[in-house]
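The next block holds one structure in the form of structure tokens; read it before the comments.
Throughout, read-outs are computed from the coordinates displayed, never taken from laboratory work. Just so we're clear, the structure is a prediction, and the values are computed from it rather than from any experiment. Glycine also receives a Cβ, built like all others from the backbone with ideal geometry; neighbour counts cover every protein chain displayed.
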Amino acid sequence: MATAIDDIRAGRPAARVAEHLLDAAHWHAAHEGIDGSLIDPRLGTARPAWQFVDDLFATVRPALTRHGDTAFVVRQLAEPSAVLRGEGVFSRKRRVSGRP
């Protein structure tokens, strides 16, 4: 949120993203997980999820640093939760169904 506020104050316009693209990106992320690809809603193209996360972190890092949250986020990225490791519900569904 702080990054968005900084952008508004600096006169940088927000990217316009069609609602259907956000819906598709959300669905895709839920099914692919962090080991798959994510749809970049700004570009409408898929790319490796960790690359997307790295770019997002680089974008918000100044605000994280300003608010004292950088170390926390770095720890979370270094020790991903079960969901980030792909052990969430969709991963279990794939194992049960025999799909990779």
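Key figures for this structure:
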| item | result |
| --- | --- |
| Extension gain (nm, one decimal) between His31 and Trp50, 0.36 nm per residue minus Cα-Cα | 5.3 nm |
| Net charge, Asp6 excluded, C-beta distance under 14 Å - Lys, Arg +1, Asp, Glu -1 | +3 |
| Residue-span extension gain [Arg66 to Thr3] - 0.36 nm each, minus C-alpha spacing | 21.6 nm |
| Hull volume in cubic angstrom per residue (convex hull over the Cα atoms of segment 1-52) | 90 Å³ |
